[in-house]
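The structure appears below as C-alpha cells.
The values are calculated or read from the model by the stated rules, or taken from the named source; none is laboratory data. Bear in mind the structure is a predicted one, so any value in this text is a computation, not a measurement. When we count neighbours, we look across all protein chains shown, and the Cβ atoms used for this are built from the backbone with ideal geometry, even at glycine. Only protein heavy atoms, including side chains, enter the accessible area calculation; ligands, DNA and RNA are left aside. Shrake-Rupley method; radii C 1.70, N 1.55, O 1.52, S 1.80 Å.
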Amino acid sequence: MADTAYDTTPAALVTAEPKGTGALHRTIFIALIVALAVLPFIPVIGYPFFLMKVLCFALFACAFNLMLGYGGLLSFGHAAYFGLASYVAAYTAKHWGLTPEVSILLGTASGAVLGFVFGSLAIRRQGIYFSMITLALAQMVFFFALQTPRFTGGEDGIQAVPRNHLFGFIPVGTDLQMYYLVAVIFMAGLLLIYRIIHSPFGQVLKAIRDNEPRAVSLGYRVNQYKLTVFVLSATLAGLAGSTKAIAVQLASLTDVQWQMSGEVVLMTLVGGMGTVFGPIVGAAVIISMQNFLAGLGAWVTVVQGAIFVVCVLVFREGIVGVIGKLLRRPL
C-alpha cells in the first residue's frame with residue numbers, strides 16, 4: 001500500500017478562509033479608520049472622553065480574544081496585566097514627569113514581563129485548572145496594589161495623571177488631542193493582532209485550539225506556542241491599560257479587580273469570540289451600557305447579565321459572529 005502524504009504546513013492545519021475575505025476585511029479597516037476620524041464630531045455619542053474609554057477597552061478585549069478565541073486559553077486574570085500597566089504608566093507620568101509615549105511603553109513592558117512570569121506558571125495546567133491559576137495570580141496583583149499605597153495610592157488610586165507633551169513637544173492636553181493619540185494606538189494594536197492571526201504562527205495557534213493532540217503529533221512545541229500567545233496577549237492588554245491611564249488620567253483598584261477580568265470575558269463573548277472585530281463591538285456595547293445607563297446604579301450589572309444570557313442562548317457566536325455567518329465570511 002502506498003504511503004499517504006499529509007500536509008503539515010501551518011496553513012493546511014486549519015480550514016482556509018473563503019475567497020474575498022481579505023478584501024472585506026480591508027474594507028472594514030478603511031471604514032473603521034474613517035469612523036474614528038469623524039466620530040468626535042457626531043453629536044450625542046461623539047464626545048472624545050467616552051470614545052477614548054471605548055477604544056482602550058476594545059483593545060483590551062481584542063488582546064484577550066487573541067488568547068481565548070485563537071489560542072483556546074481561558075484566563076480569569078487578565079486584569080492583572082491591564083491594571084499593573086495602568087499603575088506603572090500613571091506613576092511614571094505623574095511622579096517622574098515622563099512623556100506619554102515613554103510611560104505607555106513602560107506600562108506595556110510591565111504587562112509583558114508579568115505575562116511571561118504568570119504564563120510560565122499557568123501553562124503547566126489545562127482547562128479549568130489553567131483558568132483558576134490565572135485568577136489566583138491576578139488576585140496576588142490586586143492585593144499588592146491594595147497594600148502598597150506609596151506606589152498605587154491604595155484605595156484612592158493615582159488621580160490627576162498629567163498628560164505631558166507627546167515626544168516633549170506635541171500637545172495632548174485636550175480630550176480631542178488625546179483621543180486621536182488613543183485612536184492611533186488602538187489601530188496599531190488591532191493591525192498587529194490581525195497580522196498575528198493571519199501569520200503561520202496564528203495558523204498553528206488555531207490548530208492547537210481545534211486539535212491539540214494532532215498539533216503535538218505533527219511536532220509542534222505546543223507549550224511554547226501557548227506561552228508566546230499568553231505573553232503577546234498580556235503585552236497588548238498592558239498597552240491598553242497604560243493608554244487608558246493617560247487618557248482617563250486615573251489608575252485605580254478597579255483596573256486590577258477580578259470583576260475587570262470578568263468584564264473583558266463578557267465583551268469578547270458578546271461581540272464574538274474568535275472574530276477579529278467582535279471584541280470591538282462587545283466593548284462598545286458594554287461600555288455604552290455602563291455610560292448611558294449609569295442612572296440605574298447597580299441595576300446596570302443586571303442588564304449586562306440579561307444581555308449576556310440572551311447572547312449565549314440566541315447568538316452563540318456573538319453579534320459579529322452571527323453577522324459573519326450571514327455573510328458567509330469570517331469577521
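Counting only residues that are touching a residue at least 24 places away in the same chain (Cβ under 8 Å) and open to solvent by less than 60 Å² (accessible area, probe 1.4 Å), how many does region 196-211 have?
10
Does region 49-85 hold any residues that are among the aliphatic types (A, V, I, L, M), in a helix (DSSP H, G or I) and open to solvent by 10 Å² or more (accessible area, probe 1.4 Å), and which are they? Outline the logic, then answer.
If we filter region 49-85 for residues that are among the aliphatic types (A, V, I, L, M), which is where we start, we get 51-52, 54-55, 58-59, 61, 63, 66-68, 73-74, 79-80, 84-85.
Next cut, in a helix (DSSP H, G or I) only: 51-52, 54-55, 58-59, 61, 63, 66-68, 79-80, 84-85.
Scanning region 49-85 gives 51, 54, 55, 68, 84.
Can you give me the number of residues within region 273-320 that are of a type outside the set (A, V, I, L, M, F, W, C) and in contact (Cβ under 8 Å) with a residue 40 or more places away in the chain? So that I can check it myself, show each step before the final result.
Looking only at region 273-320, we keep the residues that are of a type outside the set (A, V, I, L, M, F, W, C), and these are 274-275, 278-279, 282, 288, 290-291, 295, 297, 301, 304-305, 316-318.
Those still in the list that are in contact (Cβ under 8 Å) with a residue 40 or more places away in the chain too: 274-275, 278-279, 282, 288, 291, 317-318.
Counting residues in region 273-320 that are of a type outside the set (A, V, I, L, M, F, W, C) and in contact (Cβ under 8 Å) with a residue 40 or more places away in the chain gives 9.
Given the structure, is residue 172 open to solvent by less than 60 Å² (accessible area, probe 1.4 Å), free of Cβ contacts under 8 Å to residues at least 40 places away in the same chain and of a type in the set (A, V, I, L, M)?
Numbers: open to solvent by less than 60 Å² (accessible area, probe 1.4 Å): yes; free of Cβ contacts under 8 Å to residues at least 40 places away in the same chain: no; of a type in the set (A, V, I, L, M): yes.
In short, no.
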